[in-house]
Amino acid sequence: MPELPEVETVRRGLSTLIVGKTVKSVNFDWPKGFPNTPADVKQFLVGATINAVRRRAKVLMIDLSSSYSLVIHLKMTGQLVYRGKQAFGAGHPNDSLIGELPDKSTRVDFEFMDKSHLYFNDQRKFGWVRLLPTIDVPNIEFMKKVGPEPLTDEFTANVFIERVRRRANTTIKAAILDQTVLAGIGNIYADEGLWGAKIHPSQRVICVSDSKLKLLHKELRFVLELSIEKGGSTDRNYVDAEGKRGSYIDFARVFRREGLDCSRHPGVMIEKSKVAGRGTHTCPVCQKYQS
DNA sequence: CACTTGACCTGTCCGC
DNA sequence: TGCGGACAGGTCAAGT
């Protein structure tokens, strides 16, 4: 599910909802996804207060007063949903995509002292949760190799071009999906950015000009920013920290729009194919493949 | 080394 | 209605 805008939306929601709360108990039985022992959880999580919620790439870090952090990757179908004491759905009765929690997809249930809960739900179980010393978070394998944050001032077009060119012989779509090249792009924003820059996803990096890459850098940042503003994309499973859907998908130009008109070319239908092993959406007129 | 493909899981949808 | 296969927003290990 979640790419950078979705994870950032969850981070913002959790910052408002859980910072300052103290963990009362944790209910979990999922050794593969959350391998910490009950003893670890009792010592470093239960009784600890949430200090901050951070994000790096598509990973969330919940920093605790114990100097430990919960490090969480949602992968395809992970959700972090907070439920307060109020009745389910209060305030936004029809917005929630999910019902009573916990449910059959609940993998971890964090209870706070005020009786509210944070549920980690994950239908496909690809996601993971780790409890480790905050100081060790940058040393986990993923953090050591992940590329720069695309929305920082330091991530200039030149930085993007230099990094993406390291993947000279692969397709441009595979290159921008590679988390070591830059952080946070997934299948939705790869397709959206490539349409914006009018580049065919199958184009080899070596065949894409610097000026096209410069435009792609700008378009990727644009779609990421816009999506954060819209609360992310809900295609199937994604929900924010309150269980609500995001609305970027209503603004998408190609993703999940196969058979519909390209907004630049009325009468021309968006096509769907497979590139880099992923479902890929393109306009056959604005994204010409050049060999 | 660079690159591609399958595996990891569960659920849904679509055609026969 | 049932059944098989393809597909789903990510990443890694194992192939070539």
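Derivation of every value follows stated rules applied to the coordinates shown; laboratory data play no part. Bear in mind the structure is a predicted one, so any value in this text is a computation, not a measurement. Note that we place each Cβ from the backbone using ideal geometry, even for glycine, and neighbour counts take in every protein chain shown.
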Once phi for every residue in region A:145-162 is put through the Karplus expression 6.51 cos²θ - 1.76 cosθ + 1.60 (θ = phi - 60°), the whole-Hz ³J(HN,Hα) values, with Gly and Pro written as x, are 9, 5, x, x, 5, x, 9, 8, 5, 5, 7, 7, 4, 5, 4, 4, 4, 4
Candidates A:S116, A:S209, A:S233; GNM for chain A (alpha-carbon contacts under 10 Å) flags as most fluctuating A:S209
In the Gaussian network model of chain A, springs joining C-alpha atoms below 10 Å, which of A:I185, A:I199, A:I98 carries the largest mean-square fluctuation?
A:I98
Neighbouring Cβ atoms within 10 Å as the yardstick, rank A:V41, A:V81, A:V46 fewest first.
A:V46, A:V41, A:V81
Residue by residue, what Karplus-based ³J(HN,Hα) values in Hz, rounded to whole numbers, does region A:172-188 have, using 6.51, -1.76 and 1.60 with θ = phi - 60° and x for Gly and Pro?
4, 5, 4, 5, 7, 7, 6, 5, 7, 7, 8, 8, x, 7, x, 5, 5
Below 8 Å between Cα atoms, with a sequence gap of 6+, how large is the relative contact order for region A:155-291 in percent?
25
Enclosed volume per residue, in Å³, of the convex hull spanned by Cα atoms of region A:157-252
94
Exposure-ranked with fewest Cβ neighbours within 10 Å first, A:D63, A:D191 stand as A:D63, A:D191
What is the extension gain from A:L151 to A:M76, computed as 0.36 nm multiplied by their sequence separation minus the C-alpha to C-alpha distance, in nm to one decimal?
24.8 nm
Normalised by the number of residues in chain A, what is the relative contact order in percent for Cα pairs under 8 Å and 6+ residues apart?
20
Sort A:R130, A:R83 by Cβ crowding within 10 Å, fewest neighbours at the top.
A:R130, A:R83
Residue-wise HN-Hα coupling along region A:256-270, computed from phi with Karplus coefficients 6.51, -1.76, 1.60 (Hz; x: Gly, Pro):
6, 10, 4, x, 9, 5, 6, 5, 8, 9, x, x, 9, 8, 5
Please compute, over every Cα-Cα pair in region A:154-209, the percentage with a separation greater than 17 angstrom.
29
I need the shape label for region A:1-153. Rule: rounded when a/c is under 1.5, else prolate if a/b > b/c, else oblate, with a, b, c from the alpha carbon gyration tensor.
rounded
Gaussian network model of chain A, Cα within-10 Å springs - most flexible of A:G99, A:G243, A:G231
A:G99
Let a ≥ b ≥ c be the square roots of the eigenvalues of the Cα gyration tensor of chain A; is it rounded (a/c under 1.5), or, if not, prolate (a/b larger than b/c) or oblate?
prolate
State whether region A:227-291 is rounded, prolate or oblate according to the following rule on the C-alpha gyration tensor (a ≥ b ≥ c being the square roots of its eigenvalues): a/c under 1.5 gives rounded; otherwise a/b larger than b/c gives prolate, and the remaining case gives oblate.
prolate
